[in-house]
1. Return the residues of region 1-45 that are modelled with pLDDT under 75, in contact with a Ser or Thr (Cβ under 9 Å, 6 or more places away or on another chain) and not hydrophobic (A, V, I, L, M, F, W, C); say none if nothing qualifies.
2. If you go through region 103-123 one residue at a time, do you hit one that is farther than 24 Å from A19 by Cα and out of contact with any Lys or Arg (no Cβ under 7 Å at 6 or more places or on another chain)?
3. Only residues in region 84-98 that are closer than 11 Å to D36 by Cα count as the first member; pair them with residues that are surrounded by 15 or more Cβ atoms within 10 Å (Cβ to Cβ) and acidic (D, E), Cβ under 9 angstrom, at least 6 apart or cross-chain, and list the lot.
4. Return the only residue of F162, F111 being aromatic (F, W, Y) and either in contact with a Gly (Cβ under 9 Å, 6 or more places away or on another chain) or farther than 18 Å from A75 by Cβ (or both).
5. Taking P151 as meeting all but one of (1) surrounded by 19 or more Cβ atoms within 10 Å (Cβ to Cβ); (2) closer than 30 Å to E26 by Cβ; (3) modelled with pLDDT under 80, write down the number of the exception.
6. Regarding V138, is this residue surrounded by 14 or more Cβ atoms within 10 Å (Cβ to Cβ) and assigned to a helix (DSSP H, G or I)?
7. Out of all the residues in region 207-221, is one or more among the aromatic types (F, W, Y), surrounded by fewer than 18 Cβ atoms within 10 Å (Cβ to Cβ), over 14 Å from A55 (Cβ atoms) and modelled with pLDDT under 70?
Amino acid sequence: MQTQTSGETHQTLAESLEASLASQDERGPSIGELSDAVGEKGFGLLLLILSLPSALPVPAPGYSTPFGIAIVLIAIQMLIGRQTVWLPERTKRVRINPKLASKMIGAASKFLHMIEHLIKPRQRWIRSQAGQSAMAVVIAIMACLMILPIPLTNTFPAMVIFMIGVGLSEEDGLLAIAAFAVGLCAIALYGYIIYLVIREGPQAAEGIKDWIKARLGMGPDNAG
């Protein structure tokens, strides 16, 4: 995922992620600083970063709601065709704990290095306004699912946003299609959970959560 054009070397996605999350502030990077640092990767890299605490096995309680709200705002701006990100000052001031930022860099970089040979520019409709609008609708729905305080964590919807972020950053429309398919599965799963909660009460959803966590070997719930 690293190319050289006119003597200029471009960063890989993993390198862009590491550079964006690096902060001289001992309190860690803020969402505003991340928004300013994404550069040419634009919406994609910022979506990738904001979905990370929930998408990867990095327990981060308390981040899903503010990050989910920021992702919804980004999706709306993609839908209306904005080229740059605008976020409210209150949202921009939210900071990522330095230890969490370090864990995010390590987990995401390892994952991206594993799959980078599979990612390439293709089906570049994803960069068109129609493509971005279609992705924005999926992102908004997934972000709302991230915010909802229901069991099974927010891993599935965050993974969809993460994959779309990679696809947007690398102009990989095929990956975006795969993310859309996972998104449909996430919607079906959450719909079933909500149905169970309405029909049988919260304990039914808790039972499903424990069953899936046991099968996947997941650690403590990272929903915040």
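1. Q2, T3, T9, H10, E15, S16, E18, S23, G39, E40, K41, G42
2. Kept after step one, since they are farther than 24 Å from A19 by Cα, are these residues of region 103-123: 122-123.
Keeping just the survivors that are out of contact with any Lys or Arg (no Cβ under 7 Å at 6 or more places or on another chain) gives 122-123.
Within region 103-123, one or more residues are farther than 24 Å from A19 by Cα and out of contact with any Lys or Arg (no Cβ under 7 Å at 6 or more places or on another chain).
3. Here the result reads K92/E33, each pair linking region 84-98 to a residue that is surrounded by 15 or more Cβ atoms within 10 Å (Cβ to Cβ) and acidic (D, E).
4. Working: F162 fails: either in contact with a Gly (Cβ under 9 Å, 6 or more places away or on another chain) or farther than 18 Å from A75 by Cβ (or both).
F111 is the lone residue from the list that is aromatic (F, W, Y) and either in contact with a Gly (Cβ under 9 Å, 6 or more places away or on another chain) or farther than 18 Å from A75 by Cβ (or both).
5. All conditions are met except number (2).
6. Details: surrounded by 14 or more Cβ atoms within 10 Å (Cβ to Cβ): yes; assigned to a helix (DSSP H, G or I): yes.
Spelling it out, V138 is indeed surrounded by 14 or more Cβ atoms within 10 Å (Cβ to Cβ) and assigned to a helix (DSSP H, G or I).
7. Taking region 207-221 and keeping what is among the aromatic types (F, W, Y), we get 211.
Retained after the next criterion (residues that are surrounded by fewer than 18 Cβ atoms within 10 Å (Cβ to Cβ)): 211.
From what is left, the residues that are over 14 Å from A55 (Cβ atoms) are 211.
Still in the running and modelled with pLDDT under 70: 211.
Yes, because at least one residue in region 207-221 is among the aromatic types (F, W, Y), surrounded by fewer than 18 Cβ atoms within 10 Å (Cβ to Cβ), over 14 Å from A55 (Cβ atoms) and modelled with pLDDT under 70.
The rows are residues; the columns are (1) buried (at least 18 other Cβ atoms within 10 Å of the Cβ); (2) at pLDDT 85 or above; (3) aromatic (F, W, Y).
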| site | (1), (2), (3) |
| --- | --- |
| L47 | yes, yes, no |
| A60 | yes, no, no |
| A70 | yes, yes, no |
| I74 | yes, yes, no |
| L79 | no, yes, no |
| P98 | no, no, no |
| H113 | no, no, no |
| I119 | yes, no, no |
| A134 | no, yes, no |
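The values are calculated or read from the model by the stated rules, or taken from the named source; none is laboratory data. Quick caveat, the model's predicted, so the values are computed rather than measured. So basically every Cβ, Gly included, is an ideal-geometry build from the backbone, and we count neighbours across all protein chains shown.
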